[in-house]
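First up is the structure itself, then whatever we jot down about it.
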Amino acid sequence: MPEPMWDVKALATYLGKPASWVYDNHVKEELPSFRVGQHLRFSPAEVRQWLEERCRMVA
């Protein structure tokens, strides 16, 4: 069974950012998102993949 979609608050908590950052950056940073009516939803698997692709390796 797939994970439930995250709302803005859940994604902000996961990323350790304020909800305002999620709203401000979902387009600018190309966060993978869906609109359900007026609400943003995020697939946890797609967010994790997005992070992997954009994370810098720290040596």
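Protein-only accessible surface at a 1.4 angstrom probe places the residues GLU3, GLU52, GLU30, GLU46 in the order GLU52, GLU30, GLU3, GLU46, largest first.
Accessible surface area normalised per residue over the chain is 80 Å², counting heavy atoms of protein chains with a 1.4 Å rolling probe.
Phi angles of the range 29-46 translate, via the Karplus equation with coefficients 6.51, -1.76, 1.60 and θ = phi - 60°, into HN-Hα couplings of 8, 6, 4, x, 9, 10, 9, 10, x, 9, 9, 8, 10, 10, 7, x, 5, 5 Hz per residue; Gly and Pro are given as x. Computed over the chain, the range of Cα coordinates on each principal axis works out to 42, 30, 18 Å, biggest value leading.
Here the accessible area of the chain is 54 percent carbon and sulfur, with a 1.4 angstrom probe and all protein chains present.
Counting 0.36 nm for each residue step from ALA19 to ARG35 and taking away their Cα separation leaves a gain of 4.2 nm.
The values are calculated or read from the model by the stated rules, or taken from the named source; none is laboratory data. None of the values given here were measured: they were computed from a predicted structure. Surface accessibility is based on the protein's heavy atoms, side chains included, excluding ligands, DNA and RNA. Shrake-Rupley method; radii C 1.70, N 1.55, O 1.52, S 1.80 Å.
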